[in-house]
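Heads up, the thing below is written out as structure tokens.
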Amino acid sequence: MLTEPVRGSAVVAFRVLFGLLMAWEATRYLTNGWALTSYGPGFHFTYWPFDFVRPLPGRGMEFVFALMFVAALGVAAGLWYRVSAVILAVTTAYVFLIDQVNYLNHWYLIVLFSILLVVIPAHRRYSVDAWRTGEDRPIRRWALWLLRFQISVPYVFGGIAKLNGDWLTGRPLTQWLDARTDTPLVGWVFEIEGAGIVLAWGAMLLDLFVPWLMLGTRVARLPAFGIAIVFHLMNARLFSIGVFPAMMVASTTLLLPEDWPERLLAAFRRRRSIVVSGGVMTLFAYWFAEGRIPQALVFGLGVAVLVSEIGRDRVPAEPEPTETAVPAVTMRGAAMGLLALWVAVQVLVPLRHLVIEGDPSWTEEGHRFAWHMKLRDKEVESIVFEVYSPQAQATWWVAPEQYLTPRQARKMASHPDMLVQFARFLEEEFSDRLPGDLEVMAHAEVSLNGREPRLLVDPDTDLTSVPRPWWGHAEWILPRDGVPTGAGSG
């Protein structure tokens, strides 16, 4: 079944939208100076085992984002597609691995999609490459369903992650909404008692069920897609999450019937309501999401697609490609094995927190790469490091802001693995000032989701003598509420 031919128009549409959105994202990092302020020379918190990844010197990171921009346009146009896709995958992965402080779920998703586009032949139709070679070949079904699987992962596992005590009682969402009661049109809703709990449950149910509903019957698909558009538009307004809302709307179109682009284009010529609805939504999203034109256009497209799908019975479907016109192929064992491995990793990694002791929102163990989106609000009460020389009986107290940006210091204070990295940096930094083997301890007081601030790690533990936590539970991370917690609790 996976090797049967399909038209591939939904895959092509995703290729174009993803490429254009990535080009926009690259320009944002260049025009706002983030290429240097977030990824320029200086201390960075690397990922294990990619400690060798470092930013380019000088203004080199601007070149990386410029290269990303060109590659993204190449992917969108299908121009020298394989080369463009490889460059896009390398640049996005490189930027992602430079600093854990900049970890964002949508950048992780971008890296995954970029890698998949390297192997998915999304350029076989409606591309410059297809025009140059004179070929227009269908895409195999595995490509469509692999992309459908990948966009379903953040939805479903984002919903699973919300099945915890804090989220189901409205924390931290209620706190955030209380500070956004001035939001146009909907701010009054946030003032209603219990609104945060209702919206938290709604977000959880949407994440859990949207992929299944959209891949099901038309009766369920269209309301689910409409609710998803509204949900992501609200996220674009309420939270500073960059390209993520538009990226999710563009990616969610993969869960529609795979011929939706042909039907949309055919319907444009017959139904003015599609043009009007799409244009109105574009203008509304531009105003409501505060003036981001590319993002507004994606929301407008989403509504136009929704309206066209409502009347899809009026537009005849194009015939499916037949095997008589397309050579039959089989998926070799190695290819099937790699496909199964990719799927297994995407399913198992987000569930690892269930077998690790403690609340991942507090310990951060099992939190990354698991689609734990907007589950916690950590406030740093204080952070200071103690550098001690037993040989000299001398102690230096170090404020991390002496070496880090304010954002790095704030993020590090709530992440035990980053505390270990910085402790090792301080050990090396002070090796020529204090004699003997140095001990470095962290005193970090953190509040989770409005709770009273507590020490995150044992202040008597020498962080230079412990391994960086990457799997399992580190005993020197103190319990969230001052008492031990069981595996998977939270």
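Quick note: the coordinates plus some simple rules give every number you see, no bench work behind them. Since the model is a prediction, treat every value here as computed from it, not as a measurement. Cβ atoms come from the backbone with ideal geometry, glycine included; neighbour counts cover every protein chain shown.
When region 96-148 is examined, which residues are found to be aromatic (Phe, Trp, Tyr) and assigned to a helix (DSSP H, G or I)? Matches in region 96-148: Phe96, Trp107, Tyr108, Phe113, Trp131, Trp142, Trp145. The residue of region 226-263 that is surrounded by the fewest Cβ atoms within 10 Å (Cβ to Cβ), among those that are of a type in the set (S, T, N, Q) and without any contact (Cβ under 8 Å) to a residue 40 or more places away in the chain, is Ser240. Just to be sure, is Val16 closer than 23 Å to Gln150 by Cβ, in contact (Cβ under 8 Å) with a residue 24 or more places away in the chain and touching a strand residue (DSSP E or B) at 6+ places or on another chain (Cβ under 9 Å)? No.
Across region 434-471, the qualifying residues are those that are of a type in the set (S, T, N, Q) and either without any contact (Cβ under 8 Å) to a residue 24 or more places away in the chain or not in a strand (DSSP E or B) (or both), and the one among them that is farthest from Phe422 (Cα to Cα) is Asn449.
Would you check if Ala266 is buried (at least 17 other Cβ atoms within 10 Å of the Cβ), part of a helix (DSSP H, G or I) and touching a Pro at 6+ places or on another chain (Cβ under 9 Å)? Yes, satisfied. Among the residues making up region 368-382, those that are under 13 Å from Asn164 (Cα atoms) and out of contact with any strand residue (DSSP E or B) (no Cβ under 9 Å at 6 or more places or on another chain) are His372, Met373, Lys374, Leu375.
Against the numbered list (1) in contact with an Asp or Glu (Cβ under 9 Å, 6 or more places away or on another chain); (2) part of a helix (DSSP H, G or I), Ala334 comes up short only at (1). Just one residue in the set Glu386, Glu428 is more than 28 Å from the chain's Cα centre (by Cα) and surrounded by fewer than 14 Cβ atoms within 10 Å (Cβ to Cβ); that residue is Glu428. Checking each residue in region 201-225 for being surrounded by fewer than 23 Cβ atoms within 10 Å (Cβ to Cβ), part of a helix (DSSP H, G or I) and of a type in the set (A, V, I, L, M) picks out Ala203, Met204, Leu205, Leu206, Leu208, Leu213, Val219, Ala220, Leu222, Ala224.
Among the residues of region 1-46, write down those that are among the hydroxyl-bearing types (Ser, Thr, Tyr), surrounded by 20 or more Cβ atoms within 10 Å (Cβ to Cβ) and under 21 Å from Val249 (Cα atoms). Matches in region 1-46: Ser9 only.
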